[in-house]
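*Asks:* Attaching a single structure in structure tokens format; questions to follow.
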Amino acid sequence: MLLILACQNVEQKAQVEVAAKVEPTQPEETEIWEPKPPSVKPYSKGGAPSDAIILFDGSNFDEWMSSKDSTAVKWVLNDDGSMTVKDKTGDIQTKKNFGSIQLHLEWRSNPENKATNQNRSNSGVFLQNRYEVQILDNNDNPTYVNGQVASIYKQSIPLAMASVTTGEWNSYDIIFHAPEFNNDGDKTKSGTITVLHNGVLVQDHFELQGTTEYIGWPKNEAHGKAPIKLQDHNDQSGVSFRNVWVRELD
Ligand code: MG
């Protein structure tokens, strides 16, 4: 059955279905050679896979705009190839809309930020402008666990707390499958999020309940492709980002 599901075209599936009636006796009978998956050159530290869309490589904000009013980004572009949230200038979001994606980004909390609870280096990455993977400095800084670093905000507690030392660079690798809606606007399939935090699995194909609300229950209004958003939490968070790239999965 697994073999049949793995087949990518009808002809191939039919061949395997016929073969599946008889127990294979040769290894070749269960080998699939075509079609071949596309070749992708993998990334090394600081780089991106060959088929990725580069959203931020440190040189400019060309792929981004202000979420408030679609004007130019007012965050700080640093000499070291990173960007830093400029307080109270608002969230930023990609100009392009995305469906299901693989997203890589690196972020750093601000060692000068000594606030407590949710006010210490709070930011976040919002998939489709609605579903937040939390960014927070939780080192010696307790908060509600469904709002801690790498939580799906107020929906899913991370499986582990995998942050590096405050001021060092963290990585998030996120696999997001967008929710689906029918023509009546009803959700027919929940979105899912998987997150690796510094290579550690912290969200394992979590099924989204809806939008990640600060106050109130998750909402499920129908939507299509939408931007990726990075949060300005309006509290001098000082969070920085670098090396942001995305691969589209649909
Ligand atoms: Mg946040």
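The values are calculated or read from the model by the stated rules, or taken from the named source; none is laboratory data. Computed from a prediction, not measured in an experiment: that's the story for all the values here. Backbone-built Cβ (ideal geometry, glycine too); neighbour counts: all protein chains shown. Each accessible area value is taken on the protein alone, full model and side chains, heavy atoms only, with ligands, DNA and RNA left out. Shrake-Rupley method; radii C 1.70, N 1.55, O 1.52, S 1.80 Å.
*Asks:* Compute the angle between helix 10-19 and the longest alpha-carbon principal axis of the chain, please, reported from 0 to 90 degrees and rounded to the nearest 10.
*Replies:* Long axis of 10-19 versus the principal axis of the chain: about 50 degrees.
*Asks:* Contact order normalised by length for the range 53-248, with contacts defined as Cα pairs under 8 Å and 6 or more residues apart; what percent is it?
*Replies:* Numbers: 516 pairs, mean separation 63.7, N = 196.
The normalised contact order for the range 53-248 reaches 33 percent.
*Asks:* Could you please report the charge total around residue 181, scoring K, R as +1 and D, E as -1 over all other residues with beta-carbon less than 11 angstrom from its beta-carbon? List each step's numbers first, then the result.
*Replies:* On the way: positive: 187, 189; negative: 180, 184, 186, 221.
Taking every other residue near residue 181 into account, the sum is -2.
*Asks:* GNM on the chain, C-alpha springs below 10 Å: top fluctuator among 98, 181, 56?
*Replies:* Evaluated over the chain, the most mobile residue of the options is 181.
*Asks:* For the chain, modelled as a Gaussian network with Cα springs under 10 Å, which listed residue fluctuates most, 183, 138, 129?
*Replies:* 183
*Asks:* Leaving out ligands, DNA and RNA, and with a 1.4 Å probe, what % of the accessible surface on the chain is carbon or sulfur? Provide the component values of the computation, followed by the final result.
*Replies:* Numbers: 6950 of 13520 Å².
With neighbouring chains kept in place, the figure for the chain is 51 percent.
*Asks:* Considering only 57, 232, 186, give the residue with the highest GNM mean-square fluctuation for the chain, with springs between Cα atoms whenever their separation is below 10 Å.
*Replies:* Greatest mean-square fluctuation among the candidates belongs to 186.
*Asks:* Take the alpha-carbon centre of the range 49-69, take the same for the range 170-184, and report the distance between them in whole Å.
*Replies:* Spelled out, the Cα-based centre of one part sits 19 Å from the other.
*Asks:* Something else: With every protein chain kept in place and ligands, DNA and RNA left out, what is the accessible area per residue of the range 86-132? Probe 1.4 Å, answer in Å².
*Replies:* Working: 1720 Å² over 47 residues.
On a per-residue basis, 37 Å².
*Asks:* Rounded to the nearest 10 Å², what accessible area does residue 154 show when all protein chains are kept and the probe is 1.4 Å?
*Replies:* Estimated to the nearest 10 Å², residue 154 gives 80 Å².
*Asks:* Would you work out which of 159, 105, 115 lies farthest towards the positive end of the dipole of the chain, given +1 charges on the beta-carbon of Lys and Arg and -1 on that of Asp and Glu, about the Cα centre?
*Replies:* The residue sitting farthest along the positive end of the dipole is 115.
*Asks:* Sticking with this structure for a sec: Which of rounded, prolate or oblate describes the range 66-171 when judged by the alpha-carbon gyration tensor and an a/c cut-off of 1.5?
*Replies:* Values: a/c = 1.69, a/b = 1.23, b/c = 1.37.
It comes out oblate by the Cα gyration axes.
*Asks:* Next up: Got a sec? Charge dipole of the chain, +1 on Cβ for Lys and Arg, -1 for Asp and Glu; which of 226, 178, 199 is way out at the positive end?
*Replies:* 226
*Asks:* Once the range 119-200 is represented by equal point scatterers at the alpha-carbon sites, with solvent omitted, what log10 I(q)/I(0) does the Debye formula produce at q = 0.15, 0.18, 0.26 Å⁻¹?
*Replies:* -0.56, -0.75, -1.36
*Asks:* So what's the convex hull volume per residue for the Cα atoms of the chain, in Å³?
*Replies:* On the way: hull volume 41.4 nm³, N = 250.
Output value, Cα hull per residue: 166 Å³.
*Asks:* Considering only the other residues whose Cβ falls under 11 Å of the Cβ of residue 214, what net charge follows from Lys and Arg at +1 and Asp and Glu at -1? Let's see the in-between values first.
*Replies:* Working: positive: 154; negative: 132, 213.
With Lys, Arg at +1 and Asp, Glu at -1, the neighbours total -1.
*Asks:* List the relative contact order of the range 137-195 as a percent without decimals, with contacts defined as Cα pairs under 8 Å and 6+ residues apart.
*Replies:* Working: 69 pairs, mean separation 12.9, N = 59.
Relative contact order here is 22 percent.
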